[in-house]
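Reviewing the structure listed below.
The values are calculated or read from the model by the stated rules, or taken from the named source; none is laboratory data. In this text, all values refer to a predicted model and were calculated from it rather than measured experimentally. Quick reminder, even Gly has a Cβ in these numbers, built from the backbone with ideal geometry, and neighbours come from all protein chains shown. For accessibility, only protein heavy atoms count, side chains too; no ligands or nucleic acids. Shrake-Rupley method; radii C 1.70, N 1.55, O 1.52, S 1.80 Å.
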Amino acid sequence: MYPLYVSDLARFDGQIVTLRGWVTHKRSKGKLVFVVLRDGTGIVQAVAFQPDVPERVFAACEALTLESSVSLTGRVRADPRAPGGFELAVQDVAVAQLTHDYPITPKEHGIDFLLDHRHLWLRSSRQHALLRIRATVIRACQEFLDREGFIRVDAPILTPAACEGTSTLFPTDYFGQTVYLTQSGQLYNEAAAMAFGRVYCLGPTFRAERSKTRRHLMEFWMLEPEMAWCEQDENMRVQERLITYVVETVLRERRPDLERLERDVSTLEAVQPPFPRLTYDEALALLRANDLDLPWGEDFGAPHETLLATRYDRPLFVTHFPVQCKAFYMAPDPVRPEVTLSADLLAPEGYGEIVGGGQRVHDLALLEARIAEHSLPREAFEWYLDLRRYGSVPHAGFGLGIERTVAWLCRLDHVREAIPFPRTLYRIYP
Ligand code: 4AD
Ligand code: MG
């Protein structure tokens, strides 16, 4: 008798095994009890047939309730009609806990109820599919960069200064000093890139954005590659190849999960480089032609991005944003200094920005001027200025939002389901 997982069953046809998991469904019919067991790797139907098992075993199976935790021992039986292709003919059962009144039932629940019970909602098949895809996205990102020779060098979470504007900082007390939860690892990545050439960091980042949209979380995960000796065109080429690799990996490895989510994969299959590019000015003209006006110099909002992102069958780069709508570190375009060597990558099907990046200012005097213009505390940036004093080179990088990428790949209505425990404007429970 081997304790094993549902995903291993194909190798044990005809043998007696023990599976451990939770009851997702149970029904009785005469001398038969059907128990559907979930163990995290899959689900399997176990059948207890009264004449074949001791009365104690049959009674215990009959008494099982939704989400009771059990060990079931029995013989594996190939059955083409069964989900997964196998069934378990029960011989013995050991109940770890008999659950009473599990709050999530097969009936429809409202989103607030489900979010209040997120710790239990994670057990549902839809959440399994989503979070498995999230895990694959993260692994594929790392796989791609590791193979390309990037070194993972992580950035701190507690930081003395802002990276992405002072209005979205979460302050916290650090032994009498005010510090902030990181908005982005970029500035530290730039130091690491001058040490290692090509690097990335991956971790949680925080934005106190008073936005209650379907794209905003207060805490989200970001993958941030940074490359020394790299200009903006190459930066965008890396993004194209990374995104294509992630999409291909999800299509190859997570088909059943995409099917569970009823995701139309034909739109994902179209994701191939090169991705189309529009300058900010071209995008603005397109928006204006569609009655979405915006003064030159203002950043796009969700409706603008949605309109742009529905016009193409693959991700779209919007490049050359005006200096005033980007962060202090963005390099100006040498031929047109009022715009930056920046790009946002907008996901198709209306999803909007999933990646933001660009080339960084590498000139010391210009960076000093930018820090002053943005009224940033100079002392906190002295170390960052050092990078422009000692062997400064053109460099570029980007940040890919994991949850927004997962939301697009899974075609979710809201990013909150793309992270195990979402932190949104009005929710920090559970
Ligand atoms: O465009 P952002 O703000 O860029 C940066 O932070 C750069 N420092 C990254 C870099 O160049 N190293 O954020 C990057 C991405 C966005 O494109 C989006 O996918 C995601 O992070 N993001 C959010 N995701 C969920 N909720 C939020 N509040 C987000 N803010 C940004
Ligand atoms: Mg951005």
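Observations, loosely collected:
- Mean Cβ count within 10 Å, highest first, over the residues of peptides 151-157, 101-107: 151-157, 101-107
- Folded to 0 to 90 degrees: helix 125-147 orientation relative to the chain principal axis, Cα: 50 degrees
- Using the average count of surrounding beta-carbon atoms within 10 Å as a protection proxy, the listed peptides 59-66, 86-93 rank, highest first, as 86-93, 59-66.
- Over region 3-97, Cα pairs under 8 Å with separation of 6+ residues give a relative contact order of 31 percent.
- The listed residues ILE354, ILE111, once ranked by accessible area (1.4 Å probe) with the largest placed first, stand as ILE111, ILE354.
- Estimated FRET transfer efficiency (ILE157, LEU32; beta-carbon r; R0 60 Å; 0.05): 0.65
- Nearest 10 degrees, 0 to 90: helix 232-253 Cα axis against the chain principal axis: 10 degrees
- Cross-link partners of LYS31 among lysines, defined as those whose alpha carbon lies under 28 angstrom from its own and excluding same-chain residues fewer than eight positions apart: LYS107.
- Reach of LYS326 by Cα under 24 Å, taken over lysines that are not fewer than 8 positions away in the same chain: LYS212
- Dipole magnitude of the chain, debye to nearest 20 (Cβ charges: Lys/Arg +1, Asp/Glu -1, about Cα centre): 1500 debye
- Restricting region 1-77 to chymotrypsin sites (Phe, Trp or Tyr not before Pro) that sit in a DSSP loop and have at most 16 other Cβ atoms within 10 Å of their own Cβ leaves TYR5.
- For region 3-97, the dipole from Cβ point charges (+1 on Lys and Arg, -1 on Asp and Glu) about the Cα centre works out to 160 debye, to the nearest 20.
- Ranking HIS100, PHE113, VAL90 by how far each Cα lies toward the positive end of the dipole of region 68-117 (charges on Cβ) leaves VAL90 at the top.
- Taking region 118-418 and dividing mean pair separation by its residue count, relative contact order in percent (alpha carbons under 8 Å, at least six apart): 20 percent
- Gyration tensor verdict on region 101-201 (Cα atoms; rounded if a/c is under 1.5, prolate if a/b is larger than b/c, oblate otherwise): oblate
- Rounded to 10°, Cα long-axis angle of helix 364-373 versus longest principal axis of the chain: 80 degrees
- For region 336-417, applying the loop criterion from DSSP together with a ceiling of 11 other beta carbons within 10 Å to the chymotrypsin sites (Phe, Trp or Tyr not before Pro) yields TYR390.
- In terms of the mean number of neighbouring beta-carbon atoms within 10 Å, the peptides 415-421, 368-374, 15-21 order highest first as 415-421, 15-21, 368-374.
- What the Cβ-Cβ distance of ALA372 and THR99 gives, at R0 = 41 Å and to the nearest 0.05, is a FRET efficiency of 0.10.
- Over region 304-430, relative contact order from alpha-carbon pairs under 8 Å, at least 6 apart, %: 20 percent
- Accessible surface calculations at 1.4 Å, restricted to protein heavy atoms, place the chain at 46 Å² per residue.
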